[in-house]
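The values are calculated or read from the model by the stated rules, or taken from the named source; none is laboratory data. All of these numbers come straight from a predicted model, not from anything done at the bench. Cβ atoms come from the backbone with ideal geometry, glycine included; neighbour counts cover every protein chain shown. Accessible surface areas use protein heavy atoms only, side chains included; no ligands, DNA or RNA. Shrake-Rupley method; radii C 1.70, N 1.55, O 1.52, S 1.80 Å.
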Amino acid sequence: TQVFMSCDNSAVAWFEVEDTLRPDAAATLQSLQARGVRLALLSGDQEAAVEKIAAALGIDEFHAACSPQQKLAIIEAAQARGERVVMVGDGINDAPVLAGADTSIAPAHGATLAQTSADVIMLGDSLAPLTTAVVMSTRTMRIVRQNLTWAIVYNTLALPLAALGYVPPWLAAIGMSASSLIVVLNALRLSRFE
């Protein structure tokens, strides 16, 4: 990004400012892409700078020179297509898009307005927790589906048998407790997540 300095309405110097990537940024984004996450880079910076960062990170879709409203319009269009949008942003101009995303994450070193608009504040400088969050949420939803399936199957089979008197009440009560215990033990598998 180019910044110009002027004195008495005359340009006297110009500077090029360049962001440095976090050391784990490329690896984290590759890991997310390998898990089927589609990435896009939305930035208010000039196109040449954004294209360079996108290329370095392996991001195919990027949008440069975006105002906060344009960023919000881009994620609203993705949501209209049925996509779930997770936004990561740290600037003041990211606040509207963070508020509009399905889930939003701001780093702890970001602008206070970005943090107050985000659902999650990520501590530390590493982006690796993004991959952890995706993996953990996928495992959690898989276990939730397993538990719901178990509960539906058990209740569909056991309740009619108990209501018709084929299963004595004491056995039905033990069966219901055992079913709840199975659900809890299955959910406890998440605690073994490394």
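The residues on offer are Leu41, Leu72, and the sole one that is open to solvent by 30 Å² or more (accessible area, probe 1.4 Å), touching a residue at least 12 places away in the same chain (Cβ under 8 Å), farther than 25 Å from Asp125 by Cβ and out of contact with any Lys or Arg (no Cβ under 6 Å at 6 or more places or on another chain) is Leu72.
Restricting the stretch 20-35 to residues that are outside any helix (DSSP H, G or I) and over 18 Å from Met87 (Cβ atoms) leaves a set whose member that is farthest from the chain's Cα centre (by Cα) is Thr20.
Is it true that some residue in the stretch 89-99 is assigned to a loop (DSSP other than H, G, I, E, B), under 25 Å from Leu190 (Cβ atoms) and under 12 Å from the mean Cα position of the chain (by Cα)?
no
For first residues located in the stretch 116-142 and farther than 13 Å from Val86 by Cβ, partners that are small (Gly, Ala, Ser) and lie 6+ apart or on another chain with Cβ distances below 6 Å form the pairs Ser117/Ala95; Ser117/Ala99; Ile121/Ala106; Ile121/Ala108; Leu123/Ala108.
Would you be able to say whether some residue in the stretch 109-119 is farther than 19 Å from Val37 by Cα, among the polar types (S, T, N, Q) and loosely packed, with under 14 Cβ neighbours inside 10 Å? There is at least one residue in the stretch 109-119 that is farther than 19 Å from Val37 by Cα, among the polar types (S, T, N, Q) and loosely packed, with under 14 Cβ neighbours inside 10 Å.
Please specify each residue of the stretch 120-146 satisfying the condition of being basic (Lys, Arg) and farther than 24 Å from Gly36 by Cα.
None - no residue of the stretch 120-146 is basic (Lys, Arg) and farther than 24 Å from Gly36 by Cα, so the list stays empty.
The residues of the stretch 48-65 that are within 21 Å of the chain's Cα centre (by Cα) and either acidic (Asp, Glu) or part of a loop (DSSP other than H, G, I, E, B) (or both), listed by number, are Gly58, Ile59, Asp60, Glu61. The single condition among (1) in contact with a helix residue (DSSP H, G or I) (Cβ under 9 Å, 6 or more places away or on another chain); (2) open to solvent by less than 50 Å² (accessible area, probe 1.4 Å); (3) farther than 25 Å from Thr112 by Cα that Ser67 does not satisfy is (3). Find the residue count for the stretch 53-64, including only residues that are free of Cβ contacts under 8 Å to residues at least 12 places away in the same chain and surrounded by 15 or more Cβ atoms within 10 Å (Cβ to Cβ). Going through the stretch 53-64 one residue at a time, the tally reaches 0. Cβ separations smaller than 6 Å between residues 6+ apart or across chains give the following pairs from the stretch 167-191 residues that are free of Cβ contacts under 8 Å to residues at least 40 places away in the same chain to residues that are surrounded by 10 or more Cβ atoms within 10 Å (Cβ to Cβ) and assigned to a helix (DSSP H, G or I): Val167/Leu161; Ala172/Ala162; Gly175/Ala158; Ser179/Tyr154; Val183/Asn147.
When the residues of the stretch 125-174 are filtered to those that are of a type in the set (Ser, Thr, Tyr) and not in a helix (DSSP H, G or I), which remaining residue is surrounded by the most Cβ atoms within 10 Å (Cβ to Cβ)? Spell out the reasoning first.
So in the stretch 125-174, the residues of a type in the set (Ser, Thr, Tyr) come out as 126, 131-132, 137-138, 140, 149, 154, 156, 166.
When the remaining residues are screened for being not in a helix (DSSP H, G or I), the result is 126, 166.
Working: Ser126: 15, Tyr166: 11.
Out of the qualifying residues, it is Ser126.
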